[in-house]
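The values are calculated or read from the model by the stated rules, or taken from the named source; none is laboratory data. Here the structure is a predicted model, which means the values were calculated and not measured. Don't worry about glycine lacking a Cβ; one is built from the backbone with ideal geometry, like all the others, and counts go over all protein chains shown. Heads up: the accessible areas ignore ligands, DNA and RNA and are worked out on the full protein's heavy atoms, side chains in. Shrake-Rupley method; radii C 1.70, N 1.55, O 1.52, S 1.80 Å.
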Amino acid sequence: MKKIISLAFISFIYSAEYYISNLGDSLNLGTFESPFLKVQQAADIMQPGDICYIRQGVYHENIIMNNNNGNEGNPIVFTAYNNERVVFDGTTLIDAEWTPYSGGIWQANIDKDIWQLFIDSKEMVMARWPNANFEDGSIWDKDNYWAHGLIDDDETAYENGTMIDAPHENISLENIGFNIEGATAILNVGSFKTYTREVLSHSGNSFTYEPVPLWKTKHHDYFLERKLEFLDTEGEWFYNPESSVLYFWPPNNADPNNLTIKGKVQSYAFEISNSNYVEIKNIEFFSTTFKFDNSDYSLVDNCNLFYPSCYKRMLGEIGSQPEMSIFNSSSNCKVSNSAFRYTDGSALEMYSNNNTIDNCYFYHIDYTATDLNGLMTTIQMGGSNNTFRRNTLHKMGASATLNPGNSAIIELNDMSDSGHMQSDGALIQCMVGQQPNVQIRYNWLHDTEKFGARFDGEGEGYGGHMHHNVIWNVNGGIMVKGY
């Protein structure tokens, strides 16, 4: 007994507290009275049981931690001090002179590449055709605000690598008025799969692109980005990374020189690798997020994330995912009591075993749902024995909302309003290998064009459990393919 008390006392004695403040200095000691200026200063020297207290303010940092472990009972903790509001911000202020370009469009030379634009923390729309916006929700209306392919279940019309436009309302590729060669096409041509491709050639009502891995003869929808000619309405913007010129048509034809305009320049505020028992708590993220690699027993708790991820299509990156909130090769990790809002890309991905997502809120997730892993889901969990519990999710783009890994527990969740940007899918989707011993129970699954809960695959599934779920106002309640 004396040894246990002594060890606990020694652990307590040697735990350190470090303080960070925007009023600090890189030469300070890191104490409350003499705080560091940068979180990285603490991250470089922290040991098991140490706590980094971050004082109120906005921080523009990319904190790197590698090969620095806490241990059970003595994690390394990054947290806001005394419930002060701490925001990690992945944007930079566009402090440039704007000059008129054409009509309501202005231009400015900037010194950093950006791939997301904000006015007063509200996202603007990347110039696109057909037009859609966040303000009226049309960004979620694929039927009316995407262009459509000519065919529906007609294999003879054309093949993978070609899109033939089917005009609807006033949306007609043939009448667009310019050549779209070189544009980026967002292509929902694989049912539950959506891809980005460069337009290789354009003639009249058709264009070509590099064929995609999974192409189906149904429900072909698309929209186009990354041409200055698409910038034709208020609230849209375009950036040319070759010339470093930013173009913008401000809402209400405002003078952008009088606006607070910010651009995303950073993907991650925290990059934790090969470091077990690391915790991030009580922090707000704006246009940036966290990434854990090979870091077991890690925790994200009571964090608030706005616009955490965004594709880099504006920079010409196609066929790739955004840099999103993710745990790679990390087991026994937990995300709890946190909110994820306004993602471009999936909400959260966790890969390995025994991971938990508990009591979190997900809203306005992934309005393009393109080039994602596997089934292209809102939340992807790999490995085995994961838990998805007490979460609320609504307004989501991907065909499937949750893919939970093998032998998972999915319980006490409220899930709705999903699958706007892709056909097929379900709120809870388990493929053949994931079905044995899975427990889908005590959930509310409602108000979606997709299935509620689904055991999918080629008919070889078995041993899954769905019970005590309440499912209403959905395309289909339960779908079971298997034995």
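Checking the stated criteria, Ala453 turns out to be among the aliphatic types (A, V, I, L, M) and either in a strand (DSSP E or B) or farther than 29 Å from Pro211 by Cα (or both). Within the set Gly190, Gly182, Gly177, Gly263, the sole residue that is outside any strand (DSSP E or B) and within 25 Å of the chain's Cα centre (by Cα) turns out to be Gly190. Would you mind finding the one in Ile54, Ile76, Ile45, Ile63 that is at pLDDT 95 or above, within 18 Å of Ile272 (Cα to Cα), in contact with a Gly (Cβ under 7 Å, 6 or more places away or on another chain) and surrounded by 12 or more Cβ atoms within 10 Å (Cβ to Cβ)? The match here is Ile76.
Residue pairs whose Cβ atoms lie under 8 Å apart, sitting 6 or more positions apart in sequence or on different chains, and linking a residue in region 194-219 that is over 21 Å from Asp143 (Cα atoms) to a partner that is in a strand (DSSP E or B) and of a type in the set (Lys, Arg), are Tyr209/Arg197; Glu210/Arg197; Val212/Arg197.
Checked against the criterion of being touching a Pro at 6+ places or on another chain (Cβ under 7 Å) and open to solvent by less than 10 Å² (accessible area, probe 1.4 Å), the candidates Phe207, Phe223 yield just one match: Phe223.
Screening region 222-243 for residues that are in contact with a Leu (Cβ under 8 Å, 6 or more places away or on another chain) and not hydrophobic (A, V, I, L, M, F, W, C) and picking the one that is farthest from Asn109 (Cα to Cα) gives Tyr222.
Screening region 49-150 for strands (runs of 3 or more DSSP E) wholly inside it with 3 or more residues that are on the phi < 0 side of the Ramachandran plot returns the ranges 51-54, 63-66, 76-80, 86-89, 91-93, 99-102, 105-109, 117-119. Hey, among the residues in region 85-136 that are touching a Lys or Arg at 6+ places or on another chain (Cβ under 6 Å) and of a type outside the set (S, T, N, Q), which one's most open to solvent (accessible area, probe 1.4 Å)? Once the filter is applied, the top-ranked residue is Leu93. Selection of region 311-339 for residues being more than 9 Å from the chain's Cα centre (by Cα), touching a residue at least 60 places away in the same chain (Cβ under 8 Å) and open to solvent by less than 20 Å² (accessible area, probe 1.4 Å) yields Arg313, Met314. With respect to Ala183, determine if the residue is open to solvent by less than 30 Å² (accessible area, probe 1.4 Å), within 18 Å of Val125 (Cβ to Cβ) and without any contact (Cβ under 8 Å) to a residue 60 or more places away in the chain. The answer is yes for Ala183. Scan region 269-293 for residues that are crowded, with 23+ Cβ neighbours inside 10 Å and either touching a helix residue (DSSP H, G or I) at 6+ places or on another chain (Cβ under 8 Å) or part of a strand (DSSP E or B) (or both) and the total you get is 9.
Okay, residues lined up against (1) of a type outside the set (S, T, N, Q); (2) in contact with a Cys (Cβ under 8 Å, 6 or more places away or on another chain); (3) modelled with pLDDT of 95 or more; (4) within 21 Å of Lys334 (Cα to Cα):
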site: Asn67; (1), (2), (3), (4): no, no, yes, yes
site: Tyr81; (1), (2), (3), (4): yes, no, yes, no
site: Glu84; (1), (2), (3), (4): yes, no, yes, no
site: Asp89; (1), (2), (3), (4): yes, no, yes, no
site: Ser102; (1), (2), (3), (4): no, no, yes, no
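For region 291-309, filtering for residues that are among the acidic types (Asp, Glu) and within 18 Å of Asn62 (Cα to Cα) leaves 1.
The residue that is surrounded by the most Cβ atoms within 10 Å (Cβ to Cβ), counting only those in region 366-410 that are over 18 Å from Leu187 (Cα atoms) and hydrophobic (A, V, I, L, M, F, W, C), is Leu402.
Per-residue answers, yes or no, for (1) of a type in the set (Gly, Ala, Ser); (2) open to solvent by 40 Å² or more (accessible area, probe 1.4 Å); (3) modelled with pLDDT of 95 or more; (4) within 30 Å of Glu349 (Cβ to Cβ):
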| position | (1), (2), (3), (4) |
| --- | --- |
| Pro211 | no, yes, yes, yes |
| Lys216 | no, yes, no, yes |
| Leu228 | no, yes, yes, no |
| Val245 | no, no, yes, no |
| Ser295 | yes, no, yes, yes |
| Asp301 | no, no, yes, yes |
| Leu305 | no, no, yes, yes |
| Ser309 | yes, no, yes, yes |
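Exactly one residue out of Ile365, Ile357, Ile379, Ile409 is closer than 17 Å to Val438 by Cα and touching a Ser or Thr at 6+ places or on another chain (Cβ under 6 Å): that is Ile409.
Evaluate the following for Asn332: is it part of a loop (DSSP other than H, G, I, E, B), in contact with a Phe, Trp or Tyr (Cβ under 7 Å, 6 or more places away or on another chain), farther than 29 Å from Lys142 by Cβ and not hydroxyl-bearing (Ser, Thr, Tyr)?
It is true that Asn332 is part of a loop (DSSP other than H, G, I, E, B), in contact with a Phe, Trp or Tyr (Cβ under 7 Å, 6 or more places away or on another chain), farther than 29 Å from Lys142 by Cβ and not hydroxyl-bearing (Ser, Thr, Tyr).
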